[in-house]
Amino acid sequence: MWGGRVGALPRVGGFWLTGVLGRKPSCNAASLKGNNSPQCWNCGGSGNLIEGDGFFCPQCRALQPPDPTRDHFSLMDCNRSFRVDTAKLQHRYQQLQRLVHPDFFSQRSQTEKDFSEKHSTLVNDAYKTLLAPLSRGLYLLKLHGVEIPEGTDNKMDRQFLMEIMDINEKLAEAQTEAAMKEIECIVRAKQKELTDSVSRAFEQDSQSCWKKKLCAKSHHVPVKD
């Protein structure tokens, strides 16, 4: 338990940012007037608050508010891709919760308690969203400006719909554990097939997008991102 000692918190930035002539920057907010860098709410320091994970002030170690511009992939240290290393994702989730979980801030200020709650909620949401292929894909589409409205499943591929109905019938008729395991294997195989197909679709779209941009750039044609 970290308790109420500031020094007991783990270092995220990894080092103190040096100021003029190698001196540690002052925590005096007045001396930082005119600096456009994000300022610490606690000490007023404008050290690089995005250094490392960007959760703690590198000077006074106070927990900072969540960055509203940070997406789930950045937060969980993943490439913005449909393919995600779930083992690495889980490790990152555990690492972040050890940093920002509310249990570690019970003796801190109310401000840090509130920030801790917000950080922990964001970490949970990001982890759950990126862990499941469906929610991950939908979130990735959302980042690209594509929204899939509810009630669009009426246009589902007929062959796929027939496969789902066939699996449901087999489930209803299954009488033994062996039969259930066989159906489970079929479902898992289908899930992998569909996941791989979606992943290829994302990668092909990304590649075609970059090819378009590079081609336009070579001909000095402006292309929207």
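The values are calculated or read from the model by the stated rules, or taken from the named source; none is laboratory data. Treat the numbers as computed from the prediction; the structure is a model and nothing was measured. Only protein heavy atoms, including side chains, enter the accessible area calculation; ligands, DNA and RNA are left aside. Shrake-Rupley method; radii C 1.70, N 1.55, O 1.52, S 1.80 Å.
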Tell me, what is the percent relative contact order of segment 72-131, built from C-alpha pairs under 8 Å that lie six or more residues apart? 44 percent
For ILE167, solvent-accessible area (1.4 Å; no DNA, RNA or ligand), Å²: 30 Å²
Given H placed on each backbone N at 1.01 Å, which residues far from PHE56 in sequence or on other chains put an amide H within less than 5 Å of it? GLN64
Using the heavy atoms of the protein chains alone and a 1.4 angstrom probe, what is the accessible area of segment 72-131 per residue in square angstrom? 54 Å²
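Are any of the pairs LYS118/LYS142; LYS88/LYS190; LYS88/LYS181; LYS88/LYS142 more than 26 Å apart by Cα-Cα distance, and if so, which?
Values: LYS118/LYS142 22 Å; LYS88/LYS190 24 Å; LYS88/LYS181 29 Å; LYS88/LYS142 23 Å.
Checking Cα-Cα distances, LYS88/LYS181 exceed 26 Å.
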Could you check how much of the accessible area of segment 72-131 is carbon and sulfur, as a whole percent, using a 1.4 Å probe? 43 percent
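Taking a 1.4 Å probe, which of ARG158, ARG136 shows the most accessible area, and what order do the others take after it?
ARG158, ARG136
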Phi-derived 3J(HN,Hα) across segment 85-102 with the Karplus relation (6.51, -1.76, 1.60, θ = phi - 60°), rounded Hz, x for Gly and Pro, is 6, 5, 5, 5, 4, 5, 4, 5, 4, 5, 5, 5, 5, 5, 8, 10, 4, x
With x for Gly and Pro, the residue-by-residue ³J(HN,Hα) of segment 176-184, computed from phi through the Karplus equation 6.51 cos²θ - 1.76 cosθ + 1.60 at θ = phi - 60° and given in whole Hz, is 10, 5, 5, 5, 5, 5, 5, 5, 4
When only the heavy atoms of the protein chains count and the probe is 1.4 Å, how do PHE56, PHE202 rank by accessible area, highest first? PHE202, PHE56
